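Written out below as structure tokens is the structure these notes cover.
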Amino acid sequence: MPTLRAVRADITTLAVDAIVNAANSSLLGGGGVDGAIHRAAGPELLHECRLLGGCRTGEAKITRGHRLPAAWVIHTVGPVWRGGAHGEVELLAACYRTSLGLAIERGLASIAFPAISTGIYGYPPDLAAELAVRTVRETLAVTPGALREVLFCCFSDADRARYDALLAA
Ligand code: AR6
């Protein structure tokens, strides 16, 4: 079973095999972590994303990391929070499952997730963190692969504390 760990960092600085991007369905960039990743990766990332034909909510697509320290970027599209009764839970879980699936399929050893959907898309951070940790644990328990480390990349001290508590349980 890979190690699960929370770190407080700008995800664009992490030297892992793959970082996950909380993108939108166009895959053509945006604000938040998506904007930061495109700025750090350089224009070649956008060129590669243009060839992907977008991405549905809950699904994921992989590109090179270009100028990032991470070799790969896994772009996933989280749900917009609309109160919780519109499939948000299942769609957010699918983001973690499909992203891990791509990393495992490629034989990657390390991956870092941001707190998908908890910024501009408004998903309550405590519910999102609980779901993220549970889904990653459940997926890894049933998927053999080379993955050694899964990082939850937190952008605030509050999120870091949340993930530390969940991971200690
Ligand atoms: N490193 C790590 N985490 C970050 C960084 C960073 N550099 N920057 C922000 N976060 P958001 P969403 C955290 O809004 O809610 C974009 O426009 C942030 O604090 O980036 O899934 C896309 O194109 C929060 O905890 O993504 C979509 O249109 C988390 O990353 C839309 O936003 C996610 O916040 C997606 O919204």
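Laboratory data are not the source of any read-out in this text; all were calculated from the coordinates shown. Treat the numbers as computed from the prediction; the structure is a model and nothing was measured. Virtual Cβ from ideal backbone geometry, glycine too; neighbours counted across all protein chains shown.
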Fluctuation leader among H38, H86, H75 - the chain, Gaussian network, Cα springs under 10 angstrom: H86
Under-5 Å amide H pairs with E59, H placed in peptide plane, nonlocal only: V77
Sorted by Cβ density within 10 Å, fewest first, the residues F113, F155: F155, F113
Protection proxy ranking, peptides 40-49, 98-107, average beta carbon neighbours within 10 Å, highest first: 98-107, 40-49
Residues whose placed amide H lies under 5 Å from that of N21, excluding near-sequence neighbours: I74, H75, T76
Rounded to whole Hz, the Karplus (6.51, -1.76, 1.60) HN-Hα couplings of the stretch 117-132, x for glycine and proline: 6, 8, x, 4, 7, x, 5, x, x, 5, 5, 5, 5, 4, 5, 4
Label-point separation, V80 to L52 (7 Å along Cα→Cβ), nm: 2.0 nm
Rg/Rh for the chain, where both radii come from Cα atoms and Rh is the Kirkwood radius: 0.93
